[in-house]
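Each remark here refers to the structure printed beneath this line.
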Amino acid sequence: MRLIVARCEITYSGRLSTFLPMGVRLVMIKADGSVQVHSDGGGSKAKPQNWMTPPTAIEIEGDPPERIEVRKLNGSELLEVAIEEVLADISHEADLAIPLEKDGVERDLQELLAERPVHCGEGFRLVRREWPTDIGPVDLMCRDDADGWIAVEIKRIGTIEAVEQLARYLERIRIDPAMADCRGVLVAQTIKPQARTLAGARGIACVEVSLEELRGTREPELKLFAA
Amino acid sequence: MLRVTLTADSLLADLQTAARIASSRSAVQALSGVLVSAAGDYLELQATDMEVSLRVRLSASVEEPGEVVLPARLLLDIVRSLPGASVTLAERSDHHDVEIASGNAVFAVRTLRRDDFPRLPEPPTGGVQLAAQAFVDTIARVARSASRDDTRPVLTGIMVHASGGELRMVATDSYRLSVKTTALDEAVSDSFEANVPARALQELSRIVAQSEADHVTIGRLENQVVFAVHGAGGPATISSRLIDGQFPSYQQLLPESVEHELRVDREELVSVTRRISLLAQKNAPLRLAFAEGQLQVSAQTPDIGEAHETLPVPFHGEAFEIGFNPEFFRDGLESVDSPEVLLRLTSPLRPGLIESADESGFVYLVMPIRLGT
């Protein structure tokens, strides 16, 4: 991986045309042929200002570099970096991409909620994880104090699509006369207002949970009532 | 084709309210506008974001009646900057714009599609009439407790209940609860109960303050509430969608008895709370440690610093410490309208009560924060 911090101006032509006037930027040239240009801003997006994905042909003129030309091999895109001053230029061999070890994904939530189904609703006890239906498994099947069935769908973020998905599962589950009264609960770390509204209209309950509280690393906030 | 002249100041005052209500993020462009209509001897401004709507009339010299929709923010910025004391709005239909002239300045602003602007509710006929000042005072006492979290719509409202000679408003965000009961000088003719978005009531408060109105009339449509204000400037109507859903049964949350009841000077406790809260950053709690005859208020933020201050209070019994969200605790104290507050506490994990000590009917219930060692 080569990292060049330089005062440069950048021209891109291809799907559209862009121009970045002279300024200090980081040009990152990776071994896979991708090139990214970063500024010192960008905020929450954390995206490069310019980039070219592989496969590319990269020509670097001069030492220190005066001009970098990046051409897309299977198209007509061209990224040209005209360098006025090189401030730093280093190369290192970096490790190839190793998959991220993600924490707090749906799987983690499902495992924690399977261990503590009462967080999905008062008196809930687990019957089975991944309860099969003919259109796919519902995350948890629980029963409550009155032995009623409850299908629980777990998401990191509860959206309208999650409500629709659970509604489809419920439709299939309720075909069995013994489970005709099966209720649905959507459990997520955050539930979108639109999803909450749709869930209300579909008779599906919504429950927000905190990963930290489920893991016991944070005490639940004290509330006047369960909201 | 609309042609109307009026004073720039009066237009500016009402446009500021209208621009706050006009939608800032709707896909329908007309909703970001204000409907300006002229008829008789008045000009009417209408604005809505489809949740809260406003109609306000102001005196004007109408040469030709008509109505146009103009971009609210831009119109406000223009009127705010006008050089003259009066302003003339003249529609030019062949240009699809309105000429705004004041002094030597002339603006031409394109109109938005009139057909896309919805019909807003008319002022209520009949309805419940309430003293305006009592109404807005009651809003001010409870509004801070309404939730700003749109994922819990039912908690973003203020439950308004008027019956006989009593007006009661309740708001809660599940961490605190405000209840204000106001005795009315005149009994209301009909009872009224609805969960009204706090935002609508806060706008209504501003309009009442601006218009110095005596009375507010409340009318109820199927799923809307309409408030009419008859003030010095001209009649104004603010309408709002009502919030569906079950409002929490708040009565059962209010404890019937407590362990400790302390009467404390409100101003002093507010000052101490404000000072010490400066060191309660990053969600750090405000700590209240009660011991015989004194209260120590303290806060500590790791890597920032700590603060503490002691004040005398009539506390007797076993010492204990309780923590609160500093902002919530201060909101409670500041919402009290009497020189003294009653602090009613039981234990570190039970909700605390802040009440006005003059029996003016204000109760603020706030949940504590668990304190580490």
Response to the item:
Being assigned to a strand (DSSP E or B), of a type in the set (Val, Ile, Thr) and out of contact with any Phe, Trp or Tyr (no Cβ under 8 Å at 6 or more places or on another chain) narrows B:Val62, B:Val79, B:Val69, B:Val56 down to just B:Val56
Worksheet item: With respect to the numbered conditions (1) surrounded by fewer than 17 Cβ atoms within 10 Å (Cβ to Cβ); (2) of a type in the set (A, V, I, L, M, F, W, C); (3) farther than 30 Å from B:Val56 by Cα, which one is the sole condition not fulfilled by B:Leu295?
Response: (1)
Fill in: Residue selected from the stretch B:173-186 under the condition away from every other protein chain (no Cβ under 13 Å) and outside any strand (DSSP E or B), by the criterion surrounded by the fewest Cβ atoms within 10 Å (Cβ to Cβ)
B:Asp185
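Mind checking whether some residue in the stretch A:109-124 is among the acidic types (Asp, Glu), surrounded by 16 or more Cβ atoms within 10 Å (Cβ to Cβ) and either over 30 Å from A:Ala31 (Cβ atoms) or over 31 Å from the mean Cα position of the chain (by Cα) (or both)? Quick ask: steps written out before the conclusion?
At the first step, the residues of the stretch A:109-124 found to be among the acidic types (Asp, Glu) are A:111, A:115, A:122.
Checking which are surrounded by 16 or more Cβ atoms within 10 Å (Cβ to Cβ) leaves us with none.
Taking every residue of the stretch A:109-124 in turn, none turns out to be among the acidic types (Asp, Glu), surrounded by 16 or more Cβ atoms within 10 Å (Cβ to Cβ) and either over 30 Å from A:Ala31 (Cβ atoms) or over 31 Å from the mean Cα position of the chain (by Cα) (or both).
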Worksheet item: What number of residues in the stretch B:149-172 are within 9 Å of another protein chain (Cβ to nearest Cβ) and touching a Phe, Trp or Tyr at 6+ places or on another chain (Cβ under 9 Å)?
Response: 3
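What do you reckon, is B:Leu167 at pLDDT 90 or above, assigned to a strand (DSSP E or B), of a type outside the set (Gly, Ala, Ser) and more than 30 Å from A:Thr197 (Cβ to Cβ)? Before the answer, list the steps.
Numbers: at pLDDT 90 or above: yes; assigned to a strand (DSSP E or B): yes; of a type outside the set (Gly, Ala, Ser): yes; more than 30 Å from A:Thr197 (Cβ to Cβ): yes.
In short, yes.
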Worksheet item: Can you tell me which residue in the stretch B:352-369 is farthest from the other protein chains (Cβ to nearest Cβ), limited to those that are surrounded by fewer than 21 Cβ atoms within 10 Å (Cβ to Cβ) and charged (D, E, K, R)?
Response: B:Asp358
Item to complete: Determine if the stretch B:187-195 includes at least one residue that is within 14 Å of chain A (Cβ to nearest Cβ) and farther than 30 Å from B:Phe315 by Cα.
Response: no
Worksheet, complete the sentence: Considering only strands (runs of 3 or more DSSP E) wholly within the stretch B:313-373, the ones with at least 2 residues that are more than 25 Å from the chain's Cα centre (by Cα) are B:320-324, B:340-345
Practice prompt. Go through the stretch A:1-92 and tell me which strands (runs of 3 or more DSSP E), entirely inside it, have 3 or more residues that are touching a residue at least 24 places away in the same chain (Cβ under 8 Å) and either in contact with a Cys (Cβ under 8 Å, 6 or more places away or on another chain) or surrounded by fewer than 11 Cβ atoms within 10 Å (Cβ to Cβ) (or both).
Written response: A:17-29, A:78-91
Discussion item. For the stretch B:130-148, check the following and say yes or no: at least one residue is without any contact (Cβ under 8 Å) to a residue 40 or more places away in the chain and within 14 Å of another protein chain (Cβ to nearest Cβ).
Written reply: yes
Item to complete: Could you tell me which of the residues A:Val118, A:Val127 is assigned by TED's automatic domain parsing to the domain that holds A:Met179 and closer than 22 Å to A:Ala199 by Cα?
Response: A:Val118
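What do you reckon, is B:His308 farther than 30 Å from B:Leu155 by Cα, in a loop (DSSP other than H, G, I, E, B) and in contact with a strand residue (DSSP E or B) (Cβ under 9 Å, 6 or more places away or on another chain)?
Working: farther than 30 Å from B:Leu155 by Cα: yes; in a loop (DSSP other than H, G, I, E, B): no; in contact with a strand residue (DSSP E or B) (Cβ under 9 Å, 6 or more places away or on another chain): yes.
No.
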Worksheet item: Taking B:Ser102, is it within 14 Å of another protein chain (Cβ to nearest Cβ), touching a Leu at 6+ places or on another chain (Cβ under 9 Å) and at pLDDT 90 or above?
Response: no
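Do you know which residues across the stretch A:206-221 are buried (at least 17 other Cβ atoms within 10 Å of the Cβ) and either within 14 Å of chain B (Cβ to nearest Cβ) or of a type in the set (D, E, K, R) (or both)? I'd like the intermediate steps shown before the answer.
Residues of the stretch A:206-221 that are buried (at least 17 other Cβ atoms within 10 Å of the Cβ), as a first pass: A:206-207, A:209, A:214.
Matches in the stretch A:206-221: A:Cys206, A:Val207, A:Val209.
The values are calculated or read from the model by the stated rules, or taken from the named source; none is laboratory data. It should be emphasised that the depicted structure is a prediction, and the values quoted were computed from it without experimental measurement. All Cβ positions, glycine included, derive from the backbone under ideal geometry; neighbour counts span all protein chains shown.
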